[in-house]
1. Gap in Å between the Cα centre of the stretch B:604-678 and the Cα centre of the stretch B:743-804?
2. Evaluate E = 1/(1 + (r/R0)^6) for B:Ser731 and B:His467, where r is the Cβ-Cβ distance and R0 equals 56 Å; express this FRET efficiency to the nearest 0.05.
3. The stretch A:42-103: which GluC sites (Glu not before Pro) are DSSP loop and have at most 12 other beta-carbon atoms within 10 angstrom?
4. Tell me, B:Lys91, B:Lys323 in order of fewest to most beta-carbon neighbours within 10 Å?
5. Quick one: compute the contact order of chain B, relative version, from alpha carbon pairs under 8 angstrom and 6+ residues apart, as a percent.
6. Taking the alpha-carbon distance from B:Lys83 and a cut-off under 16 Å, which lysines remain once sequence neighbours fewer than 8 residues away in the same chain are dropped?
7. Mind checking which lysines have their C-alpha under 29 Å from B:Lys733, skipping anything on the same chain fewer than 8 residues away?
8. Counting only the backbone N, which residues of the stretch B:621-646 are under 15 Å from the spot 7 Å out from the Cα of B:Ser555 toward its beta-carbon?
Amino acid sequence: MSKPTDLVQGTLDLLILKVIALEPMHGWAIAQRIRQMSDSVLQVGQGSLYPALHKLESQGWIRAEWGESENGRRAKYYALTRDGRRALQAESEQWGRLSSAITRIVEAS
Amino acid sequence: MRWLARLRHVLWSARADRADAELDEELRYHLDRQTEANIASGMTPEEARLAALRAFGGVDQRREECRDSRPLALVDSVRQDVKYALRSLRKTPGFAAVAVASLALGIGANTTIFTFVDAVLLRPLPYPDSERLVVLRERPPASDDTVNVHPLNFLEWRARTHAFTKLALVQTIPDNVMTPAGAEQLAEVQTTAELFDAFGVTPVLGRPISVADTRPGAAGVVVLSHAFWQRQFGGDPGVLGRQLLLSDGSRQIVGVAPAGLRVGTVDPDLITPLTIDPADPSAIGGRSFQCYGRLRAGVSLEQARAELAVVATDLGRQYPLDKGYGVFVSTLHDYLVREGRPALRLLMAVVAAVLVVACLNLTGLLMARGMGRRGELALRASLGASRGRILRQLVIESLILSAAGAACGLVLAVFATRTLVALTGGALSVGIVGPIEMNAACLLFTAGISVATTLLFGLLPAWQASHLPPQMALAGRGRGTTVDRKHHRLRRLLVVSEAAAAVVLLVGAGLLLRTFSRLTNVSLGFEPSHTVTMSVFLGDRPEAYRISLLDELLSRIETLPGVTAAGSIQFLPLSGSSCGTGVWIDAQPTGDPSHGLPTNCSLVDGNYFKAMAIPVLEGRVFGTADRQGTRRVVVIDGSFVRRYFPGVDPVGRHVTVAWTDTAPAEVVGVVGDVRHDGLTADPEPTVYLLHRQTPGFITSLVIRADGDAAAQIPAIRQAIRDVDRSQAVSSVKTMDQYLDAALARPRLYAALVAGFAALALTLATLGVYGLLSYVVGQRAHEIGIRLALGADRRRVFREIVVQALALTSAGLATGVAVALALQRLIAGLLFGVDARDPITYGLAAVAFLAAALLATMTPALRASRIDPASALRYD
């Protein structure tokens, strides 16, 4: 698997933020949720999820806590920070503008 | 220190280890869940596991990426780079040793010279607001030199200027005191009341010299120096009020000066009041005093100069002795380091050049190393190492080299500084109070230059090596490609620059060596071997006693077995002191000394001319028949004859010398010229007076012996003790030692610069050798083919030599041009040789070409002896 491009990387960040905005989640669950929510259209490269999570954590947008998972094992749960919530807002707007612009161009031709 | 490092290591790795463990657990959890999900969808456990791993896509790589996004990731990966760099340097110990050694020499030399620069030029004098401490001197008409201050002018300056809060007039005289160890000669600083305020210091005990102390008829008082107080009284605080017996009577101790008070270049033992009679300031002497002052806050040096210029012009109109004289004002620090500054500046430039050569050399070595390692680097690049990461690793390698070089250089510098301080006896640091030693500033400097050197030698090769197209580097050795040509061009440029720097240093060293040899071959006018000299202060004793004392000393010494002649002179040649006065020829009307013909004047006694082996050109020198009360006689030198008696026989003519006792005297003889004012100063007209007829206070004995003059010293000392037990003797040395001291500076400059030039030449030669070896290695294949096709081996040899010659002559030409451009840097330190001296340039060129040719031989021979069969098998 090649390294994600910037667009994909940025998009993945947005998806992660969006998903854990609802509740704190561990990595595997985040991947599952993205797949479910996009009706299996978006298949997150499972491997690329973790570097993205660690990067967001070091940026201070999300924070991690060890907790007990649904199957009784120790798992690392990620939750949105205040900064992360603000970032989600900004990224969503940015995405909205970008996608509508692309849509306009694609449909016009 | 070691346990600290270990602790840090443990904490550091513990933190990293915990983070790694958590990361592993997190990833394992994910894989386990995915495996479970896969099993649930019907896979066998084995298949489920593999599918989960596949979906994850390279666990190790992901783990790396996660680590990289951690805050401490940089530290971790740098640590890895360091480990890697150390391993790769260990694999090439020869390269590492050469690199570290050349850096250590370069950095060590720079740190050493900087230590001197810091102590001498950068560190302020140890007095409060020392930048406001100034020295005032007089500037004779149409002269760049400065002379001592006349008491009359001091009084006028003090009264008429506002730029200074304090102005003090000072004179240092030797003095004899009796100590338990025998008679000791001390430095007594006589001063007006302002000295302590001007320097901004207060006595540690008692009080300073007061204005009342300096009034005529005041009771005698003395302030002890801190060192003398410790030495003589064991630091006894009860010393105040006690009496100290000096040669001119007893004085009451009223204070103790703070430690480290140095008045100009004099470390005083005693400080006593200087009394100036306002009605007759000249009564205490002429231009023989030093003036120190403190600038008023807010007044600049320029303003002070302007104010004094106006005063000086005024005084020139008012007093004949001030006609045309100006005033020189400088901060004391600037004045004290005036001679050290140009030399230190030159040395700093020289060591910087050496370091640059070392760096250029290392750049070349690293570039070659980078080319040799391109396979390895290309492999790393294709395995996913980013360009930045490879660049960083190479730079870290350079940093390790320069850190090791700096560490070794620092050790070197500590020893070099100590050695230089011991060897030069302060030739580089005249007048500086503080010790010459390494401090925080020097360490900072070393750290700074080692980082700078890394950038200088490390970046270019690292950038180049990290920008090789991997496919090309992996495919072949990239011979004849653009990269290779660019590489060659760069390395040629490096070698040419190195060569140029070496040539510049060679030229500098050559000029200084020739200066030194000129100085040692200067005709002094006297014969220094087999003589000893010592300073004797006759003191404020009665005139008749001074005459009989010196006479008796000299005649007693002359009767010692092995002594052939004994004489005395007021100021020894090259001592830096001389005495100028006015003279009138024959019946010219006499008057103010400043209206007479200028001449140097020396008081001699005994068989001075014989002891110094100064040739008698005409007439006779002083004899025992010339005494006080007999006809006044003088001896003049050749310069005097040429200037004032051109073409006539001076013997039997009369001159009148302005002196304490101004009366006409008969010229009885002419002696040879002596370079009195220094090795580089032309002899001035000099008239010798006889001490017996015009007694002085200060004198130096000169004693010539048959064999080893130094062996006579104990007997001479005993003879002096026998004559007068209270007579102190100081500055005892052979005339050769005395001359050595006069040559210390030029010798030091020449030796240092020559040493550095040799170092630079060695490095540049290594550079030429390294480049040619590399070129021959690269072309082995091609040369092999040519030889196989029947090419002439001599021709191959010639080709390499010609290539080397092109390189070295480019370096030589550049070096000569740069040396010519920089000649001003060295001109002030030269004597008897022009800064563009063609012989020096020629010799430097020959030396350089010889070294370069030597460096060419091995690679050229190797090229011509390439075995075609093995060269073709090479790939």
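1. Using only Cα atoms to place each centre, the spacing works out to 63 Å.
2. Given R0 = 56 Å and the Cβ-Cβ separation, E is 0.25.
3. Taking the stretch A:42-103 and a limit of 12 other Cβ atoms within 10 Å, the loop GluC sites (Glu not before Pro) found are A:Glu70.
4. Arranged by neighbour count, lowest to highest, B:Lys91, B:Lys323 become B:Lys91, B:Lys323.
5. 15
6. Within the straight-line cut-off, B:Lys83 pairs with B:Lys91.
7. Candidates past the 8-residue exclusion: B:Lys610.
8. Under cut-off, by backbone N: B:623-628.
A short reminder: the numbers here are calculations on the coordinates, not readings from a lab. Every value quoted in this text rests on a predicted model; they were computed, and no experiment measured them. Backbone-built Cβ (ideal geometry, glycine too); neighbour counts: all protein chains shown.
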